[in-house]
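Notes to accompany the following structure.
Quick note: the coordinates plus some simple rules give every number you see, no bench work behind them. A quick note: this is a predicted structure, and the numbers were derived from the prediction, not measured. Cβ atoms come from the backbone with ideal geometry, glycine included; neighbour counts cover every protein chain shown.
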Amino acid sequence: MYSMLKKIITEKDIHRQILLLEQLLNHSQLTAKELAKNIGTTERTVFSDLQLIRGYLPEYWTLDSDKNGIRLNLQENSLTNDIWKSFLPHSASLQLVKKLFFAKEINVPRFLEETGISYETLKRHRTKINRQLQPFHIKIRLTTTQASLVGAESAIRIFFHRLLLPFTHNNYFFEDYSIHEEHYLYFLTKKITTDLSVDTEQIFGICWFFINTIRIKAGCSIDDFNFDAEDPLFSLYAPLLQELYEKEGVYLKDKEIFFAFFCFLESWNYNHPLGKKVSTVLNEDYPLLQEKAQQTVEDIAKEMGLQLLLQTNLATNLLLLLLKYAESPALSKQFQLEYQELLLKKNEEYTILTEKGRELFSSLPQFSTVGDMDYFVNLFSLLSQQAIFTIRPYKKTVFFIFQSEPAWKTFLQQELADLLGKRIKLIPLEVSQLQSETLQAGDLIISNIPLNSPPLPVAYISSIPTKNELDQLTEFTSHSYL
């Protein structure tokens, strides 16, 4: 199930049943005791929930149990999405959000009649949902007669994009609304010629196409913001986007056409070649951004002693990142709301990237209206690290201090190297050699013997490592962006 969807399902019992279904979908078989432990409830509650879930299951799905455990079984050609399609309508809170997606406002008495809940219950759902909407700077306004979403329309659409992206191919949200995905795919593959070609996140863009079409038809106009109608990149794609939306009966004008273009631009992938005409426009019409991107890469390469960095795609990637902000700082500020969890992550290994990202952002006065630069710096750091790793793949050295039968030690060393992956350099070492090694911050020791005053953190394992020890070792070494 998808994290944003679970956040807006405010009924505790339905939320718990969703967790149960997730467990059964992810495991071939579990006991009631295991299910209760995994979701933090009692076995009695598990059995009660399972009875309800049986009644919700669509055709071709069965819930079976015996002395070995509980299983969720499906017949051939059955889809997991069918479960959610049958199960999710039982959540009144989700129904409220769904109806507010398709309409500017909804009739509350009619909604109460359809869902069979009281107005007081609806108010409680509204309060809980609004807590989840707060980071997007939107909320549900509720009276005894009407309910509506309040806030910037662009922020409302950004929230729905985050919510609905996993459901773009799922009929649950779009079954009552005829939108043609093939129109967007035709736009990407046929209307965007070789000279205009770009590599995109298709589902990301299709979801925006759906959301913009539905919200415009619902009479929910995008907010006023400043944009350059003569912008060269915008001018390349605006006519094609207008033609695309016209196939859905939507005639984009002014800020709506620019918003559609901005959504399309947000879907552009990095590290992919651009069409000849696109490259020409970027090279000739955005000289300042190109100069800033190139100079930043040169500075990083010089300070890190990585001249090969100049041969990577980093300068082009940074130019694209800058473009996404330069086209509309106002929209960029709002689009940062969609993936706020990136702001929680930091990387201390490459402090120079934080420094250079901040310098680049601050050197462009038009970005000042964005305010907080942390999100930009995070994206800058991610793109830079990806380029660095292409030429310097090892990010961590792990010293293997292990005393055992030599053949087993050799075998285990190879197994651990395969487990930890190519980002880890695994070096066998004797205790007596440890002090003579050149150690770096972030390095690690794996050992099956006690070490006195080790100069680095130690992950202790058994002579025959257990699953928990291997899981912890992977956790220690696999998360580079923390």
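Once you keep just the Cα pairs under 8 angstrom separated by 6 or more residues, what percentage relative contact order results for the range 1-139? Working shown, then result.
Working: 112 pairs, mean separation 35.3, N = 139.
Relative contact order comes out at 25 percent.
In the chain, which whole DSSP H runs stretch at least 15 Å along their own axis (Cα) and average 0.5 or higher on the Kyte-Doolittle scale? Walk me through the numbers before you get to the answer.
Numbers: long enough: 12-26 (21 Å, -0.07); 43-56 (20 Å, -0.26); 92-102 (16 Å, 0.99); 119-133 (20 Å, -1.71); 153-164 (16 Å, 0.62); 202-217 (23 Å, 1.00); 232-246 (22 Å, 0.43); 254-266 (18 Å, 0.94); 287-304 (26 Å, -0.71); 314-326 (17 Å, 1.60); 351-362 (17 Å, -0.26); 374-391 (26 Å, 0.96); 406-420 (21 Å, 0.03); 467-478 (16 Å, -1.10).
Long hydrophobic helices here: 92-102, 153-164, 202-217, 254-266, 314-326, 374-391.
How charged is the neighbourhood of LEU412? Take every other residue with its Cβ under 14 Å from the Cβ of LEU412, and add Lys/Arg as +1 and Asp/Glu as -1.
Values: positive: LYS409; negative: GLU405, GLU415, ASP418, GLU469.
Result for the neighbourhood of LEU412: -3.
With just the Cα atoms defining each centre, how far is the range 127-148 from the range 21-93? Give it in Å.
31 Å
Provide the three semi-axes, in whole Å and in decreasing order, of the ellipsoid equivalent to the range 227-385 as defined by the square roots of 5 times the Cα gyration tensor eigenvalues. Intermediate results must be reported in sequence, preceding the final value.
On the way: eigenvalues 169, 66, 36 Å².
Calculated on Cα positions only, the semi-axes equal 29, 18, 14 Å.
What span do the alpha-carbon atoms of the range 91-151 cover on each of the three principal axes, reported in whole Å from largest to smallest?
Cα extents, longest axis first: 31, 21, 19 Å.
Scale the Cα Rg of the range 3-88 by the rule-of-thumb value 2.2 N^0.38 Å and send over the ratio, two decimals.
Values: Rg = 12.4 Å, N = 86, 2.2 N^0.38 = 12.0 Å.
My calculation over the Cα atoms of the range 3-88 gives 1.04.
Provide, for q = 0.13, 0.17, 0.21 Å⁻¹, the log10 of I(q)/I(0) from a solvent-free Debye sum over equal Cα point scatterers in the range 147-274.
Values returned for q = 0.13, 0.17, 0.21 Å⁻¹ are -0.52, -0.92, -1.43.
Which FRET efficiency value, to the nearest 0.05, is calculated for GLN413 and GLU298 with the Förster distance at 41 angstrom and r the Cβ-Cβ distance? Working shown, then result.
On the way: r = 40 Å, r/R0 = 0.98.
Rounded to the nearest 0.05, the efficiency is 0.55.
Please list log₁₀ I(q)/I(0) at q = 0.09, 0.12 Å⁻¹ for the chain, using the Debye equation with identical point scatterers on the alpha-carbon positions.
Reported log10 I(q)/I(0), two decimals: -0.84, -1.24.
First measure r as the distance between the Cβ atoms of LYS7 and ASP471, then evaluate 1/(1 + (r/R0)^6) with R0 = 30 Å and state the FRET efficiency to the nearest 0.05.
Numbers: r = 27 Å, r/R0 = 0.91.
The value I calculate is 0.65.
Calculate, axis by axis, the spread of Cα positions in the range 396-478 along the three principal axes, and write the results as whole Å, longest axis first.
The Cα atoms of the range 396-478 stretch 29, 28, 19 Å along the principal axes, largest first.
Counting Lys and Arg as +1 and Asp and Glu as -1, each charge on the Cβ, what is the dipole of the chain about the Cα centre in debye, to the nearest 20?
Values: 49 positive and 58 negative charges, 247 e Å.
Roughly 1180 debye for the chain.
Among the chymotrypsin sites (Phe, Trp or Tyr not before Pro) within the range 345-425, which fall in a DSSP loop and have no more than 15 other Cβ atoms within 10 Å of their own Cβ? Walk me through the numbers before you get to the answer.
Numbers: sites: TYR350, PHE361, PHE367, TYR375, PHE376, PHE380, PHE389, TYR394, PHE399, PHE400, PHE402, TRP408, PHE411; in loops: TYR350, TYR394, PHE402.
Taking the range 345-425 and a limit of 15 other Cβ atoms within 10 Å, the loop chymotrypsin sites (Phe, Trp or Tyr not before Pro) found are TYR394.
For ASN73 and ASN107, what does the FRET efficiency come to when R0 = 41 Å and r is the distance between their Cβ atoms, rounded to the nearest 0.05? Numbers along the way, then the final one.
On the way: r = 41 Å, r/R0 = 1.01.
Step by step, r from the Cβ atoms, then E = 0.50.
What number, in nm² with one decimal, is the all-direction average of the projected area of the convex hull of the alpha-carbon atoms of the range 294-433? Display every interim value, and only then the final one.
Values: hull surface 43.6 nm².
The directionally averaged projection comes out at 10.9 nm².
Would you kindly state how much longer the chain becomes between LEU240 and LYS217 on full extension, computed as 0.36 nm times their sequence separation minus their alpha carbon distance, in nm to one decimal? Don't skip to the answer; put the middle values down first.
Numbers: separation 23, 0.36 × 23 = 8.28 nm, distance 1.97 nm.
Contour length minus the Cα-Cα distance gives 6.3 nm.
Summing -39500 (n - 2.57) over the DSSP H runs of n ≥ 4 in the chain and dividing by its residue number, what mean residue ellipticity at 222 nm do you reach, to the nearest 500 deg cm²/dmol?
On the way: 22 runs with 256 residues, N = 482.
After summing the helix terms and dividing by the residues of the chain, the value is -16500 deg cm²/dmol.
For a quick check: sort CYS207, CYS220, CYS263 by the number of other beta carbons within 10 angstrom, fewest at the front. It would help to have the intermediate numbers written out before the result.
Details: CYS207 26, CYS220 20, CYS263 23.
Final ranking by Cβ density, sparse to dense: CYS220, CYS263, CYS207.
Anything over 22 Å Cα to Cα? Flag those among LYS7/LYS99; LYS276/LYS333; LYS191/LYS333; LYS104/LYS255; LYS190/LYS217, in the order listed. Display every interim value, and only then the final one.
Details: LYS7/LYS99 17 Å; LYS276/LYS333 30 Å; LYS191/LYS333 30 Å; LYS104/LYS255 19 Å; LYS190/LYS217 26 Å.
Checking Cα-Cα distances, LYS276/LYS333; LYS191/LYS333; LYS190/LYS217 exceed 22 Å.
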